[in-house]
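Have a look at the structure below before the remarks.
The values are calculated or read from the model by the stated rules, or taken from the named source; none is laboratory data. Computed from a predicted model, the values in this text were never measured in an experiment. Note that each Cβ is placed from the backbone with ideal geometry, even for glycine, and that neighbours are counted across all protein chains shown.
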Amino acid sequence: MSPMIETKSRDRCPQKDPSVVAELIGASKAFGTGERQVIALQPTDLTITRGEMLLIVGPSGSGKTTLLSLLGCVLYPTEGCVCIQGVNTHDLNERELARLRRTVIGFVFQNFNLIAPLSAEDNIRIPLLLAKRPKAEVRERARKALDLVGLTARRRSLPKQLSGGEQQRAAIARALVAEPALVLCDEPTASLDAGSLDVIMGELRRLADRGKAVAVVTHDPRLEKYADKILFLQNGTVADRKDTKGAS
């Protein structure tokens, strides 16, 4: 049985636009039922396109992580729909959703989620091994990902031997190794100093400039200078939107 929640709205995804990677159409999320129901996210419309970095900003409990989880297809909307590359994810079964998450979406977590006994290179290889890619391809893609984030010299190091910034770069490389169209980051700079923050955000900015769609959840105003768009959430509602393209 599919774990999908039956939604009250079955809006179809609009005509496919190749520049649009992810779209929420009236998507909301509630937890619980009856008097105990909590609305984590009110109905929200959102479009993320290739070459764009979106910041999702707001205080704790504002719905930031819920919104990111809907985009990542790890939560299902209570109402509305989530469209990834023009496909309404409500119409996908669990196997199809798993494949979409594995091939189209890359996740970068606040606490890195690196596997302690594995080297940086072996951590980065994991998505490709799960996808059962050929060994030669795994080696070549991992090499390119390491080079992209400047970790080639540290490829044999265990996570505990890496600095916080290096661990986050390894996590970014792991998210990118399968060449996803959409990169989702949950507080990727929360534990980093100013120097490491600039390195990590510079990497994410370059990803967007190369055509990826990047969405970053943060409460840190220092990240705003890297963004093309900023979405401000308050109490599960979009309080404001800001387009920073062309701003100095």
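Of note:
Okay, residues lined up against (1) farther than 21 Å from ARG141 by Cα; (2) part of a loop (DSSP other than H, G, I, E, B); (3) at pLDDT below 90:
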site: THR189; (1), (2), (3): yes, yes, yes
site: ALA208; (1), (2), (3): no, no, no
site: VAL217; (1), (2), (3): yes, no, no
site: ARG222; (1), (2), (3): yes, no, yes
site: LEU233; (1), (2), (3): yes, no, no
site: LYS242; (1), (2), (3): yes, no, yes
site: ALA247; (1), (2), (3): yes, yes, yes
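- Count - residues of region 97-113 that are assigned to a helix (DSSP H, G or I) and among the hydrophobic types (A, V, I, L, M, F, W, C): 3
- Of the residues making up region 114-130, those that are of a type outside the set (Val, Ile, Thr) and surrounded by fewer than 14 Cβ atoms within 10 Å (Cβ to Cβ) number 4.
- When region 156-181 is filtered for residues that are buried (at least 18 other Cβ atoms within 10 Å of the Cβ) and free of Cβ contacts under 8 Å to residues at least 40 places away in the same chain, the ones remaining, listed by number, are GLY165, ARG169.
- Cβ-Cβ under 9 Å pairs, at least 6 apart or on other chains, region 92-104 side loosely packed, with under 15 Cβ neighbours inside 10 Å, far side of a type in the set (S, T, N, Q): ASN93/SER2; GLU94/SER2; GLU96/THR89
- The strands (runs of 3 or more DSSP E) located wholly in region 38-86 that include 3 or more residues which are touching a Gly at 6+ places or on another chain (Cβ under 9 Å) occupy 38-49, 79-84.
- All positions within region 147-168 that are small (Gly, Ala, Ser) and either in contact with a helix residue (DSSP H, G or I) (Cβ under 6 Å, 6 or more places away or on another chain) or closer than 20 Å to GLN110 by Cβ (or both): SER157, SER163, GLY164, GLY165
- Unique match (being touching a Ser or Thr at 6+ places or on another chain (Cβ under 8 Å) and in contact (Cβ under 8 Å) with a residue 60 or more places away in the chain) among LEU46, LEU75, LEU55: LEU55
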